[in-house]
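Read through the structure below, which is laid out as structure tokens, and then see the notes.
No value in this document is a laboratory result; all are computed from the given coordinates. On a predicted model such as this, the values are computed, not experimentally measured, just so you know. Quick reminder, even Gly has a Cβ in these numbers, built from the backbone with ideal geometry, and neighbours come from all protein chains shown.
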């Protein structure tokens with residue numbers, strides 16, 4: 001399946017949020033690289049949570065018939081890279097995410113806010129808004 005719109009990308013976000021992935025950011029990189037159409041970046045607060053998020057994503061997407069081309073880093077729990085072809089998911093340990101700053105490296109990419117991301121913000125009563133840079137949601 002090749003995601004063609006924000007709603008189709010939301011299944012990847014839902015899978016990540018299913019294990020409480022923190023601060024998901026979805027980048028449209030289709031005009032910037034041939035590597036993928038979108039990057040989903042999120043983090044966990046421990047190595048175990050990072051691995052659990054990645055495993056949950058893999059299993060959730062597999063149930064929907066979506067299989068990864070490759071998964072790297074799952075055992076270490078610092079940075080799990082999940083390549084689904086048109087979507088690449090980066091699940092970081094919190095400090096590792098800050099260090100590599102992929103959002104900054106891909107700052108020219110359009111930020112996408114999916115329905116699940118909005119719901120997560122609404123459910124947290126705006127607590128996440130305080131932690132996130134509002135500029136990441138400008139389209």
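Can you sort 35, 121, 9, 27 from fewest to most other Cβ atoms within 10 Å of each residue's own Cβ?
Lowest count first: 35, 121, 9, 27.
Run the numbers on the chain and let me know its relative contact order in percent, using alpha-carbon pairs under 8 Å that are six or more apart.
Relative contact order, the chain: 27 percent.
Which of 12, 100, 93 comes first, and how do the rest follow, when ranked by fewest Cβ neighbours within 10 Å?
With the sparsest Cβ surroundings first, the list reads 100, 93, 12.
Arrange the following residues from fewest to most other Cβ atoms within 10 Å of their Cβ: 22, 48.
48, 22
Quick one: what does P(r) look like for the chain with 10 Å bins over all Cα pairs, in whole %?
12, 47, 36, 4
Would you calculate the convex hull of the Cα atoms in the range 1-82 and tell me its volume per residue in Å³?
Residue-normalised Cα hull volume stands at 93 Å³.
Estimate the FRET efficiency between residue 122 and residue 83 by the formula 1/(1 + (r/R0)^6), using the beta-carbon distance for r and 22 Å for R0, to the nearest 0.05.
So the FRET efficiency works out to roughly 0.10.
Using the Kirkwood formula over every pair of different C-alpha atoms, what hydrodynamic radius in Å results for the range 48-109?
Computed over the range 48-109, the radius equals 12.2 Å.
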